Amino acid sequence: MLENSSTTLMTDFLKKCGGYAVVDGGLATELERHGADLNDPLWSAKCLISSPHLVRRVPSISLTLSKCSPRYLDAGANIILSASYQIITASEKVEIACEAREIYYDKSTKGSWDYIESGNISRRPVLVAASVGSYGAYLADGSDGKYGDAVSLETLKDFHRRRLQVLLKSGADLIAFETIPNKLEAKAYAQLLEEEGINIPAWFSFNSKDGINVVSGDSILECASIADSCKQVVAVGINCTPPRFIHGLVLSIRKATSKPIVIYPNSGETYNAELKQWTKSSGVVDEDFVSYINKWREAGASLFGGCCRTTPNTIRAIGRVLSKNP
C-alpha cells in the first residue's frame, strides 16, 4: 500500500510538473553574500542561532530558520528543502518551509501560474522536503563517511531515529536524505524507514569525488541498489558533487533502479573541511553546469537543482533550459 502510494506521489508530481521538476539551490552562498561568517561546525545552521536577521534577509520576507527562500520559488523551484541538514531536531524549520510555500502561493501573480487547456489556472506544484544530513555532517570533521569500526549500523540507526520521529510530525511532503557518504548509512536509513513505519516518501542522494564511487569508496551501484530496494524511497540521486561527474553517475544509478533520478551538483569547487571554506579546484571547475542539463536528462535524470555555491540565478537558468526542451 505504502509502496504504491509513494510511487504514485512522485510519478503524479512529475507529470504535473511537465515530466521534470526543479529543486532549489544553496543557502550558505546567499548567507555569505549578506555577510555571514559560516566558519563553524554548524555551517549555515549557525545563523539560525547567532544571526537570524541574515536568514530573514535571504528570504526577503520574515521566514526565519528556513532555506526555502521565495527567491528560489520565484526562480521556478518545484521542490524546496528545509534548513535542517545540520540540525538534529528541527521540525519547526520544516513547518516554516511549508508556510513559505503557502505565502508564495498567496503572493503569486497570474504570470507565475500555469495554464491548462480548459482555461483554468493551476498553481505550480511545490513540494516541501525535510533535509537530513549524514552522521559525518554532524561530526563536521571531514571524515567523508569513513567512520571506522566504532560506528556500526545500530549506531547510525540510533543517531537518526529521533530525527525521523520529529520530522514525521513536521508536515513535510517527503524526506530528503542528502549527501549520503557510504552504503552503511544508506542501509541504516532504509531499515529505519521500515522499522519505524515511516509513511512519508523519501529520496536518497549520495555524493562522489571521483564519478565512480561515493565519497567513502563504496560502489554507487551498491548504494543505489539499497535505495531501490526500499519501498519508501521514491527517487535516488546525487548531490554536492562536481558537475563533471554527474553524467556517468546518472548512467550508473540507472543500472540499479528505475526510480526517478534527482541530481543537484555543487559548483565544481572544492570544500576545505578544516577551514570550512570553498576553494577553487585545481582541476576543471564547472561553474556553469546549466549547459549540461539536457545531457543529464537524456541520461535519465528527471529532478534537477543545485547544491553548494549555487544561487537562485542557477535555478532560474535550469528552469529555462528545461522549459525549452519539454
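The values are calculated or read from the model by the stated rules, or taken from the named source; none is laboratory data. Small disclaimer: the values here were computed from a predicted structure and weren't measured. Here the Cβ is made from the backbone with ideal geometry for all residues, glycine too, and neighbour counts use every protein chain on show. Please note that ligands, DNA and RNA were not included when accessible areas were found on the heavy atoms of the full protein model with its side chains. Shrake-Rupley method; radii C 1.70, N 1.55, O 1.52, S 1.80 Å.
Observations on the structure shown:
- Filtered residue count, the range 198-217, keeping only those that are farther than 18 Å from residue 247 by Cα, touching a helix residue (DSSP H, G or I) at 6+ places or on another chain (Cβ under 9 Å) and open to solvent by 20 Å² or more (accessible area, probe 1.4 Å): 2
- Residues that are aliphatic (A, V, I, L, M) and either outside any loop (DSSP other than H, G, I, E, B) or in contact with a Phe, Trp or Tyr (Cβ under 7 Å, 6 or more places away or on another chain) (or both), drawn from the range 160-184: 164, 166, 167, 174, 175, 176, 180, 184
- Flag for residue 246 being part of a loop (DSSP other than H, G, I, E, B), on the phi < 0 side of the Ramachandran plot and of a type in the set (A, V, I, L, M): no
- Scanning the range 218-233 for residues that are over 11 Å from residue 256 (Cβ atoms) and either open to solvent by 10 Å² or more (accessible area, probe 1.4 Å) or in a loop (DSSP other than H, G, I, E, B) (or both) yields 218, 230, 231, 232.
- Total residues in the range 140-185 satisfying the condition of being among the acidic types (Asp, Glu) and open to solvent by less than 30 Å² (accessible area, probe 1.4 Å): the figure is 2.
- Filter result for the condition that a residue is part of a loop (DSSP other than H, G, I, E, B), farther than 14 Å from residue 308 by Cβ and modelled with pLDDT of 95 or more, over 259, 255: 259
For every residue, the table says whether it meets (1) free of Cβ contacts under 8 Å to residues at least 24 places away in the same chain; (2) within 23 Å of residue 9 (Cβ to Cβ); (3) in contact with a Cys (Cβ under 8 Å, 6 or more places away or on another chain).
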position: 172; (1), (2), (3): no, yes, yes
position: 186; (1), (2), (3): no, yes, yes
position: 204; (1), (2), (3): no, yes, yes
position: 216; (1), (2), (3): no, no, no
position: 224; (1), (2), (3): no, yes, no
position: 227; (1), (2), (3): no, yes, no
position: 253; (1), (2), (3): no, yes, no
position: 280; (1), (2), (3): yes, no, no
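- Taken over the range 109-130, the residue count meeting the criterion of being touching an Asp or Glu at 6+ places or on another chain (Cβ under 6 Å), assigned to a strand (DSSP E or B) and either loosely packed, with under 11 Cβ neighbours inside 10 Å or at pLDDT 80 or above (or both) is 2.
- In the range 198-217, the residues that are among the small types (Gly, Ala, Ser), part of a loop (DSSP other than H, G, I, E, B) and farther than 16 Å from residue 256 by Cβ: 216, 217
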